Amino acid sequence: MQTMSTTATATTVVRVPIVDATPENVRPFGQLLGDDVANPGLGIPFYQERVLEGQNIDFQYTGRAVIRTAKILPGYPPVLWLERHMRMTQLFVGLGQEPFIMVMAPPNHPKEAPDLDKVQALRFPAGHGLLLHLGTWHDFPIACERPVVVLTANSEEVVEALASMKGAQEMNQGDVFKISLPQRLKAEIHLELV
């Protein structure tokens, strides 16, 4: 359960417990991808005796797809930024043996800020992934106790827009609408270990 408090500088601190990701609690934000085949039964005739083919994952993007990796260092920093994409269903997959955390709020377009009462912090097990719905507010994955490498599937326009920034500031370009929680909402999100 989330709690909110206000500091002396009038910043609201939203305290969000970290809970394990399940198909049910991920559903408002996207699709949990794990060690089971998504919608088995695709009719590819090769290897039928030993491979269960799953249906296509609904990764959507504009322009060219960009698949990258990123190594995230451990720690539980305050979440100061949330962003959304309206033309891409971004994909994050944890590689290796470490879990990762995603801080998210459900899509609420055309509103220009997330509903902080609906923010969740979900811990994805090692080897699992998340395909975000269009418009899901999210931060970049957070590592838990040890570094984690994530594979990300983006659009070229998103990567180019983020890389073109000269500094950390709000942005609305290249299918990235990123807001500063302290600046826009006078708030920041703190994660609570449970």
Candidate cut points under trypsin sites (Lys or Arg not before Pro) in the stretch 101-158, DSSP loop plus at most 10 other Cβ atoms within 10 Å of their own Cβ, are LYS111
Candidates ILE72, ILE18, ILE57; GNM for the chain (alpha-carbon contacts under 10 Å) flags as most fluctuating ILE57
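I'd like the GluC sites (Glu not before Pro) in the stretch 56-148 restricted to DSSP loop residues with at most 11 other Cβ atoms within 10 Å, sorted by number. Present the calculation step by step, with values, prior to reporting the outcome.
Details: sites: GLU83, GLU112, GLU145; in loops: GLU112, GLU145.
Loop-located and lightly packed - GLU112, GLU145.
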Scoring the chain by relative contact order with C-alpha pairs under 8 Å, at least six apart, yields a percentage of 32
Simple spin-label estimate for ARG68/ARG15, 7 Å along Cα→Cβ, in nm, reads 3.5
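Once you have a ≥ b ≥ c as the square roots of the Cα gyration tensor eigenvalues for the stretch 79-121, tell me rounded if a/c is under 1.5, and otherwise prolate or oblate according to whether a/b is larger than b/c. Working shown, then result.
Numbers: a/c = 2.91, a/b = 1.61, b/c = 1.81.
Cα axes put the stretch 79-121 in the oblate bin.
Tell me the net charge near LEU80. Cut-off is 10 Å between Cβ atoms, LEU80 excluded, with +1 for each Lys or Arg and -1 for each Asp or Glu. Walk me through the numbers on the way to the answer.
Details: positive: none; negative: ASP139, GLU188.
Local net charge: -2.
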Rounded to whole angstrom, the alpha-carbon centroid of the stretch 35-103 lies from that of the stretch 121-188 at a distance of 14
GNM of the chain, Cα pairs under 10 angstrom: of LEU131, LEU73, LEU32, the biggest fluctuation goes to LEU73
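Once you sort the root eigenvalues of the Cα gyration tensor of the stretch 98-194 as a ≥ b ≥ c, which label holds: rounded (a/c under 1.5), prolate (a/b larger than b/c) or oblate (the other case)? Spell out each step's value before the answer.
On the way: a/c = 1.60, a/b = 1.20, b/c = 1.33.
Here the stretch 98-194 falls in the oblate category.
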Mean-square fluctuation maximum in Gaussian network of the chain, Cα pairs under 10 Å, restricted to VAL51, VAL26, VAL148, hits VAL51
Note on the chain: the mean projected area of its alpha-carbon convex hull, in nm², is 12.3
CD proxy, 222 nm, the chain: helix-only mean residue ellipticity via -39,500 (n - 2.57) per DSSP H run with n ≥ 4, per residue, nearest 500, stands at -1500 deg cm²/dmol
In nm, the gap between the two label points placed 7 Å beyond Cα toward Cβ at SER180 and GLU156 is 3.2
The answer for the net charge of residues other than GLU192 whose Cβ lies under 13 angstrom from its Cβ, with Lys and Arg +1 and Asp and Glu -1, is +2
Output for the stretch 38-136: chymotrypsin sites (Phe, Trp or Tyr not before Pro) sitting in coil per DSSP, at most 10 other Cβ within 10 Å, listed by number, reads PHE46, TYR47
Out of GLY135, GLN173, GLY96 - ranked by how far each Cα lies towards the positive end of the dipole of the chain, with unit charges on the beta-carbon of charged residues - the top one is GLN173
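With a sphere of radius 14 Å drawn around the Cβ of LEU33, what net charge do the other residues whose Cβ falls strictly inside it have (Lys, Arg +1; Asp, Glu -1)?
Details: positive: ARG27; negative: ASP35, ASP36, ASP58.
Net charge around LEU33: -2.
Nearest-5 percent of antiparallel DSSP beta bridges in the chain? All intermediate terms of the calculation are to be shown ahead of the outcome.
Values: 43 of 53 bridges.
That works out to approximately 80 percent antiparallel.
Each reported figure results from applying straightforward, stated rules to the coordinates on display, with no laboratory input. Not measured: the values here are computed from a predicted model. Note: ideal-geometry Cβ built from the backbone for every residue, glycine included; neighbour counts use all protein chains shown.
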